[in-house]
1. Rounded, prolate or oblate: pick one for segment 54-113, where a ≥ b ≥ c are the square roots of the eigenvalues of its C-alpha gyration tensor, a/c under 1.5 means rounded, and failing that, prolate if a/b is larger than b/c, else oblate.
2. Taking only the alpha-carbon atoms of segment 154-229, what semi-axes of the equivalent ellipsoid follow from 5 times the gyration tensor eigenvalues under a square root, in whole Å, largest first?
3. Given a Förster distance of 51 angstrom, what is the FRET efficiency for Glu45 paired with Ile95, based on the Cβ-Cβ distance and rounded to 0.05?
4. Do any of Lys106/Lys127; Lys25/Lys127; Lys28/Lys106; Lys75/Lys243; Lys206/Lys266; Lys120/Lys206 go past 31 Å between their Cα atoms, and which?
5. How high is the relative contact order of segment 113-218, in percent, with contacts defined as C-alpha pairs under 8 Å that are six or more residues apart?
6. Within segment 57-99, list the GluC sites (Glu not before Pro) lying in a DSSP loop whose Cβ has at most 14 other Cβ atoms in a 10 Å radius.
7. Checking understanding here: applying a Kyte-Doolittle mean of at least 0.0 and a length along the axis of at least 24 Å (C-alpha), which whole DSSP H helices in the chain pass?
8. How high is the relative contact order of the chain, in percent, counting Cα pairs under 8 Å that sit 6 or more residues apart?
Amino acid sequence: PTLLALLLGAAWSRPWQLAHCRGPKQAKYSAAWLAASDLLRALPESYLNTSRLFKRGTMMEAASFLLLEKTATYKTRDFLDFYVEHLSWYERRLIVATNPLADGAKVLGDARRALATKLKAMSFRQKQRPLDAVAVMPFYGQGQGQGPSDVGLRGIYLNATLDSVRAALTRTVVVAVHNERDLEFVEHCCGPLADVLYLPNIRPEKLGAASLIAVHRLVAGLPLHDARLYSRDETKAKRWDHKAAFVGSRRRHQNGAPPAFWRASKYVYYTESDQILRIRSSKALAAMALGADPTNSILVPHRGVPLPMPEDFNGGAILATE
């Protein structure tokens, strides 16, 4: 026990190390990143233009790809220092495992219910001082969207993601949505939110890029409520809030001004809403981010892909095919 304690103490107290990630953006991608607010402010408005929301190829991943193309990318050398657990990947593997079964649909339903029970029972304890950051995540709960995630599980994923971020990084959390049902759902499902970004009149797969565009304008103090959406060939335009009560910060719509944290926070953490965040030390993370030229660098977590195991389901229903 003494030796184990010494080893664990050394792991927690040692200096963190960074690896400069090279190669294509797809190889660096984790559907999450941590960036200095100053970096986002410095990006030209012409680069994060709303015309991107109607271009082919602008999918949910664009919220990361657009930054990976413009910045130096770093990850921790130790996987466990900074990583996310991709919950919907687990669900995808359940689909693969149950697909060959004669009663696959029933078994998949049982497995999804078991997963939901486990996620609801998870707890995240805050062990460290929060980072001066705002965390933003897009959420699409109404309809199928891009991926295979069950609609009923998405709210559970969102809650787990929010709880993990509040415990590991910051309590200033924001959810971005693109329809009114999701707007009301997130305000009541998930504990107190610092803000909700309402980004209507776009396709759901554009919500990631729209979130980045909105966050850029909010941290830079640029107006969003009068932004315009353009046709694919940029020959036609309409206001982003066309036939909508507002666009952007709901707190601005309610109170007349956006919350102060948008301009004051030192960092922005972006993640998709199905990723549990794990950080050994947010203080070390901040120091590390500062050491990697915050004006030109982003810090990207490793991305863990959990796999279903028979023991997850009491040794019962799931047939392991891989």
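The values are calculated or read from the model by the stated rules, or taken from the named source; none is laboratory data. Keep in mind that this is a model prediction, so the values were computed, not measured. Glycine also receives a Cβ, built like all others from the backbone with ideal geometry; neighbour counts cover every protein chain displayed. Ligands, DNA and RNA are excluded from the accessible area calculation, which covers all protein heavy atoms including side chains. Shrake-Rupley method; radii C 1.70, N 1.55, O 1.52, S 1.80 Å.
1. Numbers: a/c = 4.20, a/b = 1.76, b/c = 2.38.
Judged from the Cα gyration tensor, segment 54-113 comes out oblate (a/c at least 1.5, b/c at or above a/b).
2. Details: eigenvalues 96, 48, 22 Å².
Rounded to whole Å, the semi-axes are 22, 16, 11.
3. On the way: r = 41 Å, r/R0 = 0.80.
Using R0 = 51 Å, I get an efficiency of 0.80.
4. Details: Lys106/Lys127 40 Å; Lys25/Lys127 33 Å; Lys28/Lys106 37 Å; Lys75/Lys243 42 Å; Lys206/Lys266 26 Å; Lys120/Lys206 29 Å.
Beyond 31 Å between Cα atoms: Lys106/Lys127; Lys25/Lys127; Lys28/Lys106; Lys75/Lys243.
5. Working: 135 pairs, mean separation 30.7, N = 106.
RCO, segment 113-218: 29 percent.
6. On the way: sites: Glu61, Glu69, Glu85, Glu91; in loops: Glu61, Glu69.
In loop regions of segment 57-99 (DSSP not H, G, I, E or B), the sparsely surrounded GluC sites (Glu not before Pro) are Glu69.
7. Sorted by number, the helices that extend far enough and score high enough are 151-168.
8. Values: 555 pairs, mean separation 111.8, N = 322.
Relative contact order comes out at 35 percent.
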